[in-house]
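Just so you know, all these numbers are worked out from the coordinates, no wet-lab data involved. Fair warning: this is a prediction, and the values are worked out from it, not measured in the lab. Because the Cβ atoms are built from the backbone with ideal geometry, glycine has one as well, and the counts that use them run over all protein chains shown.
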Amino acid sequence: MPGYLVERYWPGVTSELLLEALDRDRRVMEEMRVEGTCIRTVSCTLIPGEEVVFSIYEGPSAAAVRRLNERARIPVSRIVEAIVVT
């Protein structure tokens, strides 16, 4: 499944706000899975001094990843295809 990097320039973001957003993200991911669209969070990194969050998802398309974030009410600045190497 393709990977996507989501960049979030999120003024005022804190670890607490991010954890709340990730909880919504998981709920919407399950809703979308039931609807037939499978997306998985690979990782999420908060850089508090820059007010930036980087998230990696696996999913069928950038559009599907964008819909997930919109439905979960999580800000998105940019989504690009990415190759994850671990």
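Here are the numbers:
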{"item": "Karplus (6.51, -1.76, 1.60) ³J(HN,Hα), θ = phi - 60°, over the stretch 43-55, in Hz, Gly and Pro reported as x", "result": "7, 8, 10, 9, 10, x, x, 9, 6, 10, 10, 10, 10"}
{"item": "For the chain, Kirkwood radius (reciprocal of mean inverse C-alpha pair distance, Å)", "result": "12.9"}
{"item": "Interchain or long-range residues, amide H under 5 Å from Val42's placed H", "result": "Ile56, Tyr57, Glu58"}
{"item": "Percentage relative contact order, the chain, counting C-alpha pairs under 8 Å, at least six apart", "result": "48"}
{"item": "Lys, Arg +1 and Asp, Glu -1 on Cβ, resulting dipole of the chain about Cα centre, debye, nearest 20", "result": "220"}
{"item": "Residue (of Val85, Ala62, Pro48) at the positive-pole extreme of the chain, dipole from beta-carbon charges", "result": "Ala62"}
{"item": "Folded to 0 to 90 degrees: helix 62-71 orientation relative to the chain principal axis, Cα", "result": "60"}
{"item": "Value at 222 nm in deg cm²/dmol, rounded to 500, when DSSP H runs of n ≥ 4 in the chain each add -39,500 (n - 2.57)", "result": "-12000 deg cm²/dmol"}
